[in-house]
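The values are calculated or read from the model by the stated rules, or taken from the named source; none is laboratory data. These figures come from a predicted structure and were not determined experimentally. All Cβ positions, even for glycine, are placed from backbone atoms using ideal geometry, and neighbour counts span all protein chains on display. For accessibility, only protein heavy atoms count, side chains too; no ligands or nucleic acids. Shrake-Rupley method; radii C 1.70, N 1.55, O 1.52, S 1.80 Å.
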Amino acid sequence: MKLSRLLGFDILGEKYAYGHDPEIGYTAAEKIPDKWVPTTCGYCSVGCGMYVGVKDGRAVSVRGNDDHPVNRGKLCPKGLAEHHTLDTDARARDPLLRRGGRLERVGWGEALDEMVSRFRGVQQKYGPRALGVVGTGQLVTEEFYALGKLVQLGFGTNNYDGNTTLCMASAVSGYKGSFGSDGPPGAYDDLEQADVVFLIGANIADNHPILCYRLEQNPRTKLIVADPRVSKTARLADLYLPLKPRSDLALLNGIAHILIHAGLIDRDYIDAHTTGFAELETHLEKYTPERVAAVTGLSEELIYRTALLYGRAKAPFIGWTMGVNHSTKGAETVNAICNLALLTGTIGRPGASPFSITGQCNAMGTRETGFTSGLPGYRKFDDAADREDLARLWNVSPDELPTERGLAYPDIVEACLKGDIKALWVIATNPIVSFPNVDVLRQAFENLDFLVVQDGYHPTPTTEIADLVLPAAIWGEKEGTYTNSERRVSKVNKAVDPPGEAKSDFDIFLAGAEKRGVRERLYPGWSGPKDAFEEWRRVSKGRLCDYSGLSYELLEQRHGVQWPFTEEDAARLNGEPPATSRLYADGQFQAENGKAKLWAVEWEPFSEQPNDSFPFILNTGRTVEHWHTRTKTKEVKILERLAPTAWLEMNPRDARRLSLQPHDRVRVVSPRSHVDDLELRITEIVAPGQVFMPFHYVERNSNVLTQSAFDPLSREPNYKQCAVRVERATLGR
Amino acid sequence: MSTHPVTEENPFVILASGPAPNPEGLLRRESSLVPKIPLQDGEQYRFHFDMSKCIGCKCCEVACAEQNNNPPDISWRRVGEMEGGVYPNTQRLYLSMGCNHCVEPSCMTGCPTEAYSKDAATGIVLHDANMCIGCEYCIWNCPYNVPVFNEERGVVGKCDMCHGRLAEGDKPACVNACPSEAIQIEIVNIEQWKKVYRESANAPGLPSADDTISTTRVTLPGGLPLDARKADYHRVKPEKPHFSLVAMTVLTQLAVGGFVAAWLLSLLSESRTPDVAGTAALIVGLLSFGISPLHLGRPAFAFRAVRNWKRSWLSREIVSLTGFGASATAYAVLLWLEIPAVNVVGAMATALGLCGITATSFLYLVPGRPAWRTPYTVVEFVLTGAVLGPLFIAVLGVTTPLLPVIVAAAAIGQLLNQVWKFVALTRSEEFEKQASARLLSREFALLVLLRLLLVVAGGVVLPLVDWMIAGFVLALAGELLGRYLFFVSVVPKNMALTFFEQAEAA
């Protein structure tokens, strides 16, 4: 420390000075930028509009966009500190190639040559499908669109999926099953219009705080929250349903049962717009309130009140997130949610929507364009007309398009383990932290001949084991669009240059295509993301996710526009903001007969029930301060201070039985592995017999405990329930 | 009296404007979160925090750090957590607090340099970093632990309600960031507030508003369980040891005790030995007092600490101990020069020295540190002087038959004082006092026993058998250890924090 500081002459007056910014007013002088760059937040799928403040080529501040229809100037704590994710030592700066066991710096030319030739080698030896690709929900739509073409047409493998399967695959499968297509029908505006908001397995106060802001604007609504844990959201509820873990499907069936018996269903709507009612009615007979009360642990009275509130509402909203999706019954639970909306015939009304609140900033973009679980534009692999349509638009032979989906993420991992996949390209995701029963994934990756990890950060637990690391630009360093949960397409802009040699994922894909010799065929005349966007507008035209009326200019001007948005919609605008869009208001669904399907789905107990050796049910989830595997938020010091370490929540009754004290260090053991040295929080937030831990922390990773159990339909993992025991820590203090 | 309409719901609050209707789909709601009207006489701005709306997202905390360019470990606004009830009727509550801009701000009263002011126009309690010397005394004084010491600057800082933003008609950063609109700026009439603050300024997770009359109004959610408790209730950590203050306080008390004892003996004796001993005690005092600025964030500006002698016990301590040093030095000089009337100067030094010990002890009687705010602190400090002072001069060869008896009596007093203090802390209903007792009886139990043994051995047994040097060494070790325990075992009053956090120890 300097002497002038030690004596007290220097108090860093300049650093702590204030000034006046024309946009945000009086603020710390160092936070005042030269320019504000408009963009969209790169964390979650709420899709908040914001500006990044840039000074001397560095991002120094952010502010919410007051005019953005989603967030109206508000941001969550992660968004408020998002500029700190850019300029950190943990960023990946150079391509790194493993030589003699060590990752060494190489040039882009050499890195991509190596990647393309190694992929070719593996594919020549083991077949084209021996290459797998695991993507993300974090790229811009233009990149997803480009990547899909590159993987399926350029590299010729359909073993392509994303970490979105760990997140909202159940919602996708459920929507497809019920409505004939993916695509959340509602809008955030519904939160402000609904007279009942029913959140099931959705802790929006921690995970989507800005949706709480939207809900706050609606003082008329009754809020019902179903969650086994008294989450921050549960405490906001007018009616809280502390249901037993994974009894959600029984509860939803029980509500449907009461709706039918109380005559709170719309028979005309059901007859006109749905199929499957007779089977459902018979099926639901056994979901009597008595039985549902026994399964859920809720009183019959509470179940009746919920059903009547929902059934009598003019515009009931049901929102869900990972409490529903992270389940081996996830897709069917989504069907049961959609059943409620269909039985009451409310879907499409302002306020009423079965609404999947998505995870990542652009999970929706990959669903629309991504070429993973479907063809771009919600086209189906097994539909010849869809394939021909796409082939015509792309000027390729329909035979080049795969006729079925390749392996889903968990099955890619399984194939690596079995040796069927020999080379893997992982893009913008960190499976060593996020994949369930992660030791299996580790073994699978060790089995590979060649692992490429493309990421904005290095080292991450996954880049550390890569054979080739490709450094990528992240949010704030590249251009494109994100689609949020309400189908709103918003513009993402470049504020600063990526660090070192890092390139945008878009440029990496184009350069990779060049090396593979497919660039002109896949990306004719493309130079930037806008070229991809223009092609995607044509490809999406006439589809449910119709972008044809959108343009970068309109998105900038209107701060995001919901799809479908046709050229006619654009022509009708006439200077006015686009109206809120809701799907299926006309009762016309995407299934062949235009009718939605009511599904008779069965509740089942989760597979790994607690027993004498593992008496607790472990629930996992998030905290507001951190994002996913903490690659980004670990670098934001204030967030790291606010939530520095993983913890375990346990009910005081259990703690007494185990003679544990608050702040004791504990060890959690599942049949698979254990996590040591967790700080114990003794709390009434969790029920006796249940424990909770957050999943962000690689140092104490909940995913060494979780199971390899996947939804048979969506392939989404069952993160939310597994059996564990809790002991005093053997490591630690 | 205000001329604004007074609502029935809030007889003392004047809201500038209600939520404005917005026909265009609420796209940009007109803000009612800051007053749009000027303050009248007798009014000030204050925070309103709506606990029923807060979702614990900590946006306010992040926005505050960005607004003020504070390092990530410094929070001028903090979000705390409380929990009550039994599953599934669990109540989770959050508390977001900046500065409470109190009617009677104890930070300001205690600040020796007058770095704090209560803005005449707005009532905002402002802190001037340029005037601050980093003594951290405001942190001890504040019952809400609001001011935070900034290591890299050497000064404290705190929430100023973004007065610079308010002046421009903008919302403070926290108000602006809150997605639940749980934080608001209101206008309060101070005289009316003084009558009714207890109902609205007190809330679970907050220290009593009585100490300083916090102006923050808190709206509580309905159905509040009576057992809502801070999430950090069980996390009690020792405070900073402040070694320079341990040394400074014990040695200045030794010096005053030694000087006074020597001066009294010199009145009875013809010998010059007491004067030599007294001068030696003075030198110890001057040295220890001289090193005390080293604990400041800005030692070069220590001289400013006398500015607030009218209100601050810290200023008074410095004034009286400086006076003691000066007059005792004068006494010594006069004595060596054999100039008469030295006893007047000696009496003056004695009086100033006793004032100094008193001021030192009174400066620890702060609202923010309940375990200090007891008579035991004053007794402890005086008895430290009474034990160590006479022993010190005895070591230098000045003694009378009475001296060991006085020392032993003082040491027994100190022993009883410590025991009584511990019992009182244990029996207190105040959380912070109980928590101090918890620290003393668990983390520091061995050191407490050692401290009591040392005072008995060094202060009672050894002097009575005339082993003065050994007695002095053990007693000095005992008092230093005792003072160390005094600093580390105090548990500050604080707002509820999160499960993880403890405010920066001060």
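Within segment A:111-170, all pairs of alpha-carbon atoms sorted by distance into 5 Å bins from zero give the percentages 4, 17, 24, 24, 17, 9, 4, 0. For segment B:170-272, the average shadow cast by the Cα convex hull is 14.7 nm², which is a quarter of the hull's surface.
How large is the charge dipole for the protein assembly as shown, taken about the Cα centre, if only the Cβ atoms of Lys, Arg (+1) and Asp, Glu (-1) carry charge, to the nearest 20 debye? Provide the component values of the computation, followed by the final result.
Details: 127 positive and 141 negative charges, 420 e Å.
Dipole about the Cα centre, nearest 20: 2020 debye.
Here is what passes the span test in chain B: the DSSP H helices with alpha carbon length of 20 Å or more along the helix axis and a Kyte-Doolittle mean of 1.0 or above are B:243-268, B:273-291, B:342-362, B:375-395, B:402-427, B:468-488. The radius of gyration of the Cα set in segment A:468-516, together with its Dmax, comes out at 12.8, 38 angstrom.
From Cα pairs below 8 angstrom and at least 6 apart in sequence, can you work out the relative contact order of chain B, rounded to a whole percent?
On the way: 982 pairs, mean separation 92.2, N = 506.
Here the relative contact order equals 18 percent.
Answer rounded, prolate or oblate for segment A:220-319, using the Cα gyration tensor with square roots of eigenvalues a ≥ b ≥ c: rounded when a/c is under 1.5, else prolate when a/b is larger than b/c, else oblate. The shape class here is oblate.
Could you give the accessible area per residue of chain A, probe 1.4 Å, as a whole number in Å²?
Numbers: 23860 Å² over 733 residues.
Value for chain A: 33 Å² per residue.
The B-A contact accounts for approximately 6000 Å² of buried accessible area, totalled over both chains at a 1.4 Å probe radius.
Counting helices only, and only those DSSP H runs with n ≥ 4, report the 222 nm mean residue ellipticity of chain A as the sum of -39,500 (n - 2.57) divided by its residues, in deg cm²/dmol to the nearest 500.
Estimated from H runs of four or more residues: -8500 deg cm²/dmol.
Along its first, second and third principal axes, ordered by size, chain B spans 96, 52, 39 Å in Cα coordinates. Annotation for A:Thr403 and B:Leu464: the two label points, set 7 Å from Cα along the Cα-Cβ direction, are 10.6 nm apart.
Using the Cβ-Cβ distance between B:Ala300 and B:Ser117 with R0 set to 25 Å, the FRET efficiency works out to roughly 0.65. For the residues of B:162-168, the average number of beta carbons from a partner chain within 10 Å of their own beta carbon is 3. On the principal axes of its alpha-carbon atoms, segment B:347-506 has extents of 58, 37, 25 Å, going from largest to smallest. Roughly how many whole Å is it from the C-alpha centroid of segment B:142-183 to that of segment B:65-136? Using only Cα atoms to place each centre, the spacing works out to 7 Å.
Over segment B:53-177, the ratio between the Cα radius of gyration and 2.2 N^0.38 Å evaluates to 1.14. If a spin label sat at a point 7 angstrom from the Cα of A:Asp383 along the line to its beta carbon, the backbone N atoms of segment A:523-554 nearer than 12 Å would be those of A:542-545. Under the convention that each Lys and Arg Cβ holds +1 and each Asp and Glu Cβ holds -1, the size of the dipole of segment B:401-477 around its Cα centre is about 120 debye. Pairwise Cα distances in segment B:214-292 exceed 21 Å in 59 percent of cases. With the convex hull constructed from alpha-carbon coordinates only, the protein assembly as shown shows a mean projected area of 52.1 nm² over all directions.
Stokes-Einstein diffusion of segment A:416-547 at 37 °C, 0.692 mPa s viscosity, Kirkwood radius from Cα pairs, rounded to a whole number: 194 µm²/s.
Per residue of peptide B:49-56, the mean number of Cβ atoms on other chains within 10 Å of the residue Cβ is 3. Per-atom-type breakdown for segment B:56-170 gives carbon and sulfur 52% of the accessible area (1.4 Å probe, protein chains only).
Could you tell me whether segment A:61-199 comes out rounded, prolate or oblate from its Cα gyration tensor? Rule is a ≥ b ≥ c as square roots of the eigenvalues, rounded for a/c under 1.5, then prolate if a/b exceeds b/c, otherwise oblate.
Details: a/c = 3.18, a/b = 1.47, b/c = 2.17.
Since a/c reaches 1.5 but b/c is at least a/b, the shape of segment A:61-199 is classed as oblate.
Shape class for segment A:1-148, computed from the alpha carbon gyration tensor (a ≥ b ≥ c): oblate, with a/c not under 1.5 and a/b at or below b/c. Taking the inverse of the mean 1/r over every pair of distinct Cα atoms in segment B:334-398 gives a Kirkwood hydrodynamic radius of 14.0 Å. Extent of chain A along its three principal axes (Cα atoms, max minus min coordinate, largest first): 69, 68, 60 Å.
According to the Kirkwood expression over distinct Cα-Cα pairs, how big is the hydrodynamic radius of segment A:278-368, in Å? Don't skip to the end; give the middle numbers.
Values: mean 1/r = 0.0671 Å⁻¹.
Radius from the Kirkwood sum: 14.9 Å.
Over chain A, Cα pairs under 8 Å with separation of 6+ residues give a relative contact order of 19 percent. Restricting attention to the protein assembly as shown, close to 60% of DSSP beta bridges with both partner residues there are antiparallel. Measuring nothing but protein heavy atoms, the accessible surface of chain A at 1.4 Å probe radius is 47 percent carbon and sulfur.
Its convex hull of Cα atoms gives segment A:552-621 a direction-averaged projected area, equal to a quarter of the hull surface, of 10.0 nm².
The residue list B:Gly222, B:Val103, B:Ser180 was ranked by how far each Cα lies along the charge dipole of chain B toward its positive end, using unit charges on Cβ atoms, and B:Gly222 comes out on top.
Taking segment A:615-733 on its own, what percent of its Cα-Cα pair distances exceed 26 Å?
Working: 1307 of 7021 pairs.
Here the long-distance tail beyond 26 Å is 19 percent of all Cα pairs in segment A:615-733.
Over all residues in B:63-75, what is the mean tally of Cβ atoms on other chains that come within 10 Å of each residue's Cβ? Please list the in-between numbers first.
Numbers: counts 5, 2, 6, 13, 8, 5, 12, 3, 4, 9, 3, 2, 3.
Mean partner shielding for this stretch: 6.
Between B:Ile37 and A:Glu604, what FRET efficiency follows from the Cβ-Cβ distance if R0 is 51 Å, with the result rounded to 0.05? Walk me through the numbers before you get to the answer.
Numbers: r = 62 Å, r/R0 = 1.22.
Here the calculated transfer efficiency is 0.25.
Pairs from the table (A:Lys329/A:Lys503; A:Lys125/A:Lys720; A:Lys15/B:Lys237; B:Lys53/B:Lys158) lying more than 28 angstrom apart at Cα are A:Lys329/A:Lys503; A:Lys125/A:Lys720; A:Lys15/B:Lys237. For segment B:424-506, with all protein chains in place and a probe radius of 1.4 Å, 67% of the accessible heavy-atom surface sits on carbon or sulfur. Inverting the pair-averaged 1/r between distinct Cα atoms of segment B:427-506 gives 14.4 Å as its Kirkwood hydrodynamic radius.
Measuring nothing but how far apart in sequence close Cα pairs (under 8 Å, 6+ apart) lie, relative to its length, segment A:558-701 scores a relative contact order of 24 percent. Can you list which of the GluC sites (Glu not before Pro) found in segment B:427-506 are DSSP loop residues with at most 11 other C-beta atoms within 10 Å? Sites meeting the loop and neighbour criteria: B:Glu429.
For B:Ala347 and B:Leu402, the FRET efficiency from 1/(1 + (r/R0)^6), where r spans their Cβ atoms and R0 equals 25 Å, is about 0.75.
Packing order of peptides B:356-363, B:253-260, A:579-586, highest average first: B:253-260, B:356-363, A:579-586 (average count of other Cβ atoms within 10 Å over each peptide's residues).
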